[in-house]
Amino acid sequence: MALLNDHLLSVLIWFPVVGGILVLASCDDRRAGRARWTAVAVSVATFLLSIPLWSRFDRTSAEMQFVERIPWIERFQIEYFLGVDGISVPLVLLTTLLTMVVVVAGWRVVQARVAQYFAAFLIMEGLMIGVFCALDGILFYLFWEAMLIPMFLIIGVWGGPNRVYAAIKFFLYTLLGSLLMLVALLYLSRAAGGSFDLLFFHHLPLSAGVQTLVFLAFFAAFAVKIPMVPVHTWLPDAHVEAPTGGSVILAAITLKMGAYGFLRIAMPIAPDAAHQIAPIIIGLSLLAVVYIALVALVQQDMKKLIAYSSISHMGFVTLGFFVFETRAMEGAIVQMISHGFISGALFLCVGVLYDRLHSREIATYGGVIKVMPVFAFFIVFFAMANAGLPGTSGFVGEFLVILGTFSVNGWYAAVAALTLIVGAAYTLWMVKRVVFGPIQNPQVAEMEDLDRREFGMLLFVAAGVLLIGVWPAPLLEIMAASVDQLLAHVAVSKL
Amino acid sequence: MNRELLYLLVPLSCLVAALLAGFLGSRIGRVNAHRSAIGGVGLAFVLSCLIASDVFSGNHFNGSVYTWAVSGGTRFEIGFLIDPLSAVMMVVVTFVSLMVHIYTIGYMADDPGYTRFFSYIALFTFAMLMLVMSNNFLQLFFGWEGVGLVSYLLIGFWNERESAIRANLKAFLVNRVGDFGFILGIGAVLALFGSLDYQTVFDAAPSFADGTFTGPFGSEWHWMTLICLLLFVGAMGKSAQVPLHVWLPDSMEGPTPISALIHAATMVTAGIFLVARMSPLFELSTTALAVVLLIGALTTLLMAFVALVQTDIKRVVAYSTLSQLGYMTVALGASAYSAAIFHLATHAFFKALLFLAAGSVIIAMHHEQDMRRMGGLRKLMPVTYITCVIGSLALAGIPPFAGFFSKDAIIEAVHHSSTPGAGFAYVAVMIGVVLTAFYSFRLVFMAFHGEERMDAKTRSHLHEPPRVVTIPLVALAVPSILAGLILVDPVMDGSLFGNSVVVSAGPEGLGMTAAGMLAHAPYSAPFWLALTGILLAWVCYSWKPGLPASAAERWPRLYRLLMNKYGFDEFYHWVFADGARGLGHFFWEWGDRRLIDGWMVNGIAGAVGRAAGLVRRIQSGLVYHYAFAMIIGLVGLMSWFLFARGN
């Protein structure tokens, strides 16, 4: 029990990694059943272990909690330094929740190299939690880069026909960005006298020129990950080729790492540069909301459409961050969580269709509601959530970001609010062509409705979407102190 | 019983009913599904009546149920404001909804989506109640979008029809255009007042009345004007005001009961309700009121003309709804909020009645909606005929039917209004009176009088629909006759709405009474205009049936303009639907694929590849190349040592 009390974060990181290695050890497709059940057990256990993070978190404090700090590579002053605040806790929980869903989603679909598939997800889960908990620069960087490997494999091994192009594009794109981040971290460490303590970096005095360079280096890493226009084109390709589970994790959690990086690293370390570059970032965010939404409108491939929708919704997140307003920033964080659920669910829905007809083309379908009414209910629900219907989580983030932005600049808010129209347009137009209408394709008439497994996983995610939509207060409460502190910190100039 | 619990029970009973019918419909069966839906909505109606009587004896309520979220110092609450305005709305909504529920048993009897339909209309009632009972902008927006969602689901109820799923997408998106303005309006309210609670905002509003900001091109803007105009854009979407009206006629693709409930009696009045609720804000901006007045007058006039040429029985009623919503908007613009809500209430009764009567004709005719193939139905369907005539008389504003009082109140208020543009609006509503009477009785004469134009097979099956259909007709006919007479005095002396709407220039000061209005009617212009309209309809569609066709031939351009509904649909389709898709294709092809991927990403990859190819040539693998390079390097280094270091 002491282990759980004092080393909860370590447990959350390494338990799924070890579990993944155990699953790998049973690597034999003849024993696929055992691999599946072990994976489920590990992911559920990880989720249960993450609950104390929520229940025992002190909401009145903006300090790092559940801190673990021991020297690691003393020669370079690199520490094993973990801790969470109100911004990272929801993200860790999102990770543990969705990993369970993804494991269930891959249950029957993956028939080749089953153990490796589940192991990749479990190991990735641990590494992603690591990203959200690491407070040492090098530790953060290691987790950040290491999680690329299982994702690269997931796309490259279990992906679609063009998977190699997509996997390499994904890998190079993100690697290029993160190398600049490493340079910035090394520079900061020299300026800080050798330490890689991120929290110490927050209080490091830096000149305006240095701040700009450091910020731009981090910006390169995070903007690619989010992704922001114009470095977004890896995402649609990666999604199209990735298996369903890969798409879910990619959209739901990987993208959030970029946004998280802004909050934890780039903004507090270089606040003056953040303010200086904010207009550009806001411009790019609004471009994402409008430009990408129009591009999403004309997609023929459902996964591409949802991928573009993700980019558009992440535009709201960066907009919310860089207007430096409490409601907008809290809304942006809610949007991160909500988008995790909704985009994940939409990819699951596409996966359900793909498993049946092996097509992601919108034109293949039509009239699905006739044969799959239960499925139709879910996809319409998630589509409405994606369009920001009140009562679903999709509304909360958009609403708060628009409201918060309005009090800063009405024009920004007006452009952002266009998403009400265009977001609904591309989502519901897809629903119209896939779900409604007469059945054109005889294969569609043969499709069977959701089985219990699929029903369960969609219901689970739907419950989350609804809960956050109807009662977002607890989510906002847990992040309030940390957001206040962050904004207060960023408001003070380092010059 | 605890009042708060009672209030909570009103929407929740509908929600529970909707969930029961929706999720357990296939398990509990059709009968239990409609029983639960009707039970839930019936309970809501009874409670609404109790609450209304409680409110009118002076017990108002304003309080929150739970805190939705706290962010940046702003508390977002879910709560109720129960005052005369919301009480009237609750009674109207639940009553019409209940009638429609009962009617649906007959209308949808053969439909495979029976339980789903009940689930939707109960859910609609829930969302509408949340909207009207709200005490803050957040919940208002929740109900607002909720009714939009259900409207989307119901217009596309027959989801195999291409026209239906096209119409529901259109309805949702046009409404979203309105919501775009609405959410920005809410943003402006929060930015200015720091709260979304009605009472807080209304109390603080007067002190912000003169607050201005600098808009584009250095123009000076009042905050209140901005807020009211943005909120009104939302109202224009829901209440289908020109130019955001295009979705309402198409929404007739849905089953008729929902046309009655959602697209005539309740949801489309949400915008009217919104402006009345916000009357303390609108009163502070003459500019906003003038815009409201102008839009309302335009809608009244333009849509009434289109109604003249429609041949689909439901579309006639739909365009008449648009025109009547215009009347209500005109009243709002003239600051006669109570008259607007009065007309909203009477209109809800007689318009629901007219739609349900049209639906009754449609079932009897086996889903034929073209009036040119009807005729002579009055002998075959007497109950439908009589109730339909009652509805039409009410709509045309003939005393002592309900519409007479509410419409007269509006006309008088506009007449005495000082809002800029009131003169134009007055002319518009007067012309509207003739047109309304004309198209209402055009329907009556075409469908129920004259020769029978249907085919023999349909004729042989024609009969009055069952009681579940006719009882709601009769039940709605009663308030269509009496609601005006009963309500007019309390509306006019201001005792009905009290201070729940602003009373400044409304009909309250005009000293109108039921007796006075009835006595005055024969000497007033609207009365004779209405009679003229009815007479004209009789001439054109009963006495000399060839007249309309020759008129259409005589003025072909005008006729085509009206048949094309002024070309709004084509224009929007061309500019917005095709425009957005074209822009999307352009961005995708030239932005994402060529510029970013082709030029930047793959271009850089190609450049790296080419550079590598060049560098590779150096490594030729031939010893004398390497030896040569070494000698050159050695010579270079030695020279540097000798000359550069030496100095």
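Computed 3J(HN,Hα) for the range B:229-235, one whole-Hz value per residue from the Karplus formula 6.51 cos²θ - 1.76 cosθ + 1.60 where θ = phi - 60°, is 5, 5, 4, 5, 4, x, 4, glycine and proline marked x. Length gained on full extension, B:Asn499 to B:Val474: 5.6 nm, using 0.36 nm per residue less the C-alpha separation. Counting only other chain Cβ atoms within 10 Å of each residue's Cβ, the peptide A:361-372 averages 1. Compactness of the protein assembly as shown is given as radius of gyration and Dmax, 33.0, 124 Å, from Cα positions. For the range A:2-491, the relative contact order comes to 15 percent (Cα pairs under 8 Å, sequence separation of at least 6).
A helix-only calculation puts chain B at -22500 deg cm²/dmol for mean residue ellipticity at 222 nm, using -39500 (n - 2.57) for each DSSP H run of at least four residues, averaged over all residues. Taken over the range A:362-459, the percentage of Cα pairs per 5 Å bin, counting from 0 up to the bin with the maximum distance, is 3, 13, 18, 18, 15, 12, 8, 7, 5, 2, 0.
Assuming R0 = 51 Å, what is the FRET efficiency of A:Leu49 and B:Leu531, from their Cβ-Cβ distance, to the nearest 0.05? About 0.05, to the nearest 0.05.
In terms of packing, defined here as the mean over residues of other Cβ atoms within 10 angstrom, the peptides A:334-340, B:381-387 line up highest first as A:334-340, B:381-387. Taking each DSSP H run with n ≥ 4 as -39500 (n - 2.57) and averaging over every residue of chain A yields -23000 deg cm²/dmol at 222 nm. Peptide A:403-411 shows a mean partner chain C-beta count of 6 within 10 Å per residue C-beta.
Judged by the mean number of other Cβ atoms found within 10 Å, the most tightly packed of the peptides B:430-437, B:163-170, A:204-211, A:184-191 leads the ranking B:430-437, B:163-170, A:184-191, A:204-211. In order along the range A:442-447, the Karplus-derived 3J(HN,Hα) couplings, from 6.51 cos²θ - 1.76 cosθ + 1.60 at θ = phi - 60°, round to x, 5, 4, 4, 8, 5 Hz, and Gly and Pro are given as x. Along the axis of the charge dipole computed for chain B (Cβ charges of +1 for Lys and Arg, -1 for Asp and Glu, origin at the Cα centre), the listed residues B:His101, B:Trp68, B:Phe424 are led at the positive end by B:His101.
May I ask you to list the residues of the range B:345-370 whose amide nitrogen lies under 17 Å from a point 7 Å from Cα along the Cα→beta-carbon direction of B:Cys49? The answer is B:349. Starting from the Cα of A:Ser493, move 7 Å in the Cα-to-Cβ direction to define the label point; list residues of the range A:202-216 whose amide nitrogen is under 16 Å from there. Answer for this model: A:205-212. The A:Val109 and B:Ile28 beta-carbon pair, evaluated with R₀ = 45 Å, returns a calculated FRET efficiency of approximately 0.85. Per-residue 3J(HN,Hα) values for the range A:105-116, derived from phi via the Karplus relation 6.51 cos²θ - 1.76 cosθ + 1.60 with θ = phi - 60°, read 5, x, 3, 9, 5, 8, 10, 9, 6, 4, 4, 5 Hz in sequence order (x marks Gly and Pro). Label reach from B:Arg453 (point 7 Å along Cα→C-beta): in the range B:373-416, amide nitrogens under 15 Å belong to B:373-378. Take each residue of peptide B:151-160, count the partner chain Cβ atoms within 10 Å of its Cβ, and average: the result is 3.
Would you kindly state how much longer the chain becomes between A:Trp471 and A:Gln276 on full extension, computed as 0.36 nm times their sequence separation minus their alpha carbon distance, in nm to one decimal? Mind showing how you got there, number by number?
Numbers: separation 195, 0.36 × 195 = 70.20 nm, distance 3.58 nm.
Separation in residues times 0.36 nm, less the Cα-Cα distance, equals 66.6 nm.
The peptide list B:478-487, B:289-298, B:366-375, put in order of mean Cβ contacts within 10 Å with the highest first, becomes B:289-298, B:478-487, B:366-375. Kirkwood hydrodynamic radius of the range A:200-270 from all distinct Cα pairs, in Å? After inverting the pairwise mean of 1/r, the radius is 13.3 Å.
Each listed q (0.07, 0.11, 0.12 Å⁻¹) maps to a log10 I(q)/I(0) for the range A:2-491 from the Debye sum over equal C-alpha point scatterers, namely -0.33, -0.86, -1.03. The dipole here belongs to the range A:2-491: it is taken about the Cα centre, uses +1 on the Cβ of Lys and Arg and -1 on the Cβ of Asp and Glu, and is about 960 debye.
Close amide H partners of B:Ser71, meaning residues 5 or more places away or on another chain with modelled amide H under 5 Å apart, are B:Phe76. Computed from the C-beta positions of B:Tyr66 and B:Thr287 and an R0 of 41 Å, the FRET efficiency is 0.60 to the nearest 0.05. Does the range B:317-413 come out rounded, prolate or oblate by the C-alpha gyration tensor, with a ≥ b ≥ c the root eigenvalues, rounded set by a/c under 1.5 and, if not, prolate when a/b is larger than b/c and oblate if not? The shape class here is prolate.
FYI, it's all coordinate maths here, none of it is from the lab. Not measured: the values here are computed from a predicted model. All Cβ positions, even for glycine, are placed from backbone atoms using ideal geometry, and neighbour counts span all protein chains on display.
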